[in-house]
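**Q** The structure's right below; bear with me while I get my questions together.
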């Protein structure tokens, strides 16, 4: 595939002619209606199983290498080009074909019943794990049940391994008190572990994901001990154990969200960890990219200093936010928007899409019908490809998505173009 950024005057018909593909192929790859006008700055996947590329006017070797996901040096070497600046329109270039690396892919879902089944049937071929969110632990050690049988059955039909998620989530937030009640009481932990194991066997879960957030910093070692007990109890049953980690950039990072998440210990104890590398831009905060690449890279750099890459799963968002300006702290929170809806809204209000090079994220401004200014930050094919390039550069175990049910067909196309998805079922 290639990724093309829409310029003034572009139409699907013109692009189909330019890249020698059909209008329908471009529309299908991007999940768009062929009759809808394109938006300036919109990224479009151009499907191609290309082994050759004809140089267009104003193209550079660097730009062509970037489009096909190969290095400039490799592209120059294959085509015997000693000076990368000396290429010309009409020149045919051979595109080196590399074997796609294999990764694991997890996705969380909050959709159950028939709607959840439909999503799993659609997206399941792209997943290693499906993580229904979530089984909520209570302070007395009881676990709030989930009606997850239907989506687990759908997961197995797509050879996707169900992963049970346990949380300290209560009343719309994560509870430090619930975490402390569990972590400070070893006999209660044993009861919790027995309940987890019984649920996993009953429902057919093949892995466990622990998402304890805002754990009291004083309980850091107790949390590590609890994770070790889980591993010791579940491994004899051939069950994997993972946990979510807040996005830290150093061991000394302060704050209740971060301090009890011990990267080195958790990376050593667990089968793998999921880095929550998103929510820099969040619903109640000031406008910015949800997962800016420069910030994600800082977290990965620290994580890789204490955790083997084959144990690191990088978090990725499937959503964006639409902020009303000026941003006022404590005022109405920004609503979530899907990448698909973000494009439609830009088209509706005549906005041109911009791209932040540092964060590798698209955004745009518009004025609504009441004259209020908005800014939208979201994900597109370019931002996804940039994150996948990190996965490949660092040889990570895989990626984890929050959350299914948000329309973003480009993501799954780009995922398949870059990787082979490991299946455990």
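**Q** Specify the inter-centroid distance of the stretch 400-425 and the stretch 271-339, based on alpha-carbon positions, in whole Å.
**A** Distance between centres, Cα-based: 18 Å.
**Q** Could you put 54, 332 in order, starting from the residue whose Cβ has the fewest other Cβ atoms within 10 Å?
**A** Ascending number of Cβ neighbours within 10 Å: 332, 54.
**Q** Going by C-beta contacts inside 10 Å, put 194, 170, 379 in order with the fewest on the left.
**A** Listing 194, 170, 379 from fewest to most nearby Cβ atoms yields 194, 170, 379.
**Q** Over the stretch 6-49, what lengths in whole Å, largest first, do the semi-axes of the equivalent ellipsoid take, defined as the square roots of 5 times the eigenvalues of the alpha-carbon gyration tensor?
**A** Listed largest to smallest, the semi-axes of the stretch 6-49 are 15, 12, 10 Å.
**Q** Order of 130-136, 29-35 by packing, highest average Cβ count within 10 Å first?
**A** Values: 130-136: 22.9, 29-35: 16.0.
Most protected by this proxy first, the peptides run 130-136, 29-35.
**Q** On the principal axes of its Cα set, how long, how wide and how thick is the stretch 2-94? Give whole Å, largest value first.
**A** Extents along the principal axes, in whole Å: 44, 24, 19.
**Q** Grab the eigenvalues of the alpha-carbon gyration tensor for the stretch 318-411, scale each by 5, take roots, and send me the semi-axes largest first in whole angstrom.
**A** Semi-axes from the Cα gyration tensor: 27, 14, 13 Å.
**Q** Related question: Rounded to two decimals, what is the ratio between the C-alpha radius of gyration of the stretch 21-74 and 2.2 N^0.38 Å?
**A** That ratio works out to 1.32.
**Q** Counting other C-beta atoms within 10 Å, which of 169, 112, 378 has the fewest, and how do the rest follow? Please report the intermediate quantities before stating the final value.
**A** Values: 169 20, 112 16, 378 30.
If I rank by nearby Cβ atoms, fewest first, I get 112, 169, 378.
**Q** Shifting gears a bit: Return the percentage of antiparallel bridges among DSSP beta bridges fully within the chain, rounded to the nearest 5 %.
**A** 40 percent
**Q** Kirkwood hydrodynamic radius (Cα pairs, Å) of the chain?
**A** Value: 23.1 Å, from the Cα pair sum.
**Q** Something else now. For q values of 0.09, 0.10, 0.14, 0.20 Å⁻¹, compute log₁₀ I(q)/I(0) with the Debye formula on a Cα-only model of the stretch 159-298, without solvent.
**A** Each listed q maps to, in turn, -0.29, -0.36, -0.69, -1.29.
**Q** Taking the Cα centre of each part, how many Å lie between the stretch 178-226 and the stretch 81-132?
**A** 33 Å
**Q** Using packing as a proxy for protection, rank 290-297, 62-69 so that the peptide with the highest average count of other Cβ atoms within 10 Å comes first.
**A** Per-residue Cβ counts within 10 Å, averaged per peptide and sorted highest first, yield 290-297, 62-69.
Here, each number is a calculation from the coordinates, and none is a lab measurement. Nothing here was measured: the structure is a model prediction, and the numbers come from that model. Note: ideal-geometry Cβ built from the backbone for every residue, glycine included; neighbour counts use all protein chains shown.
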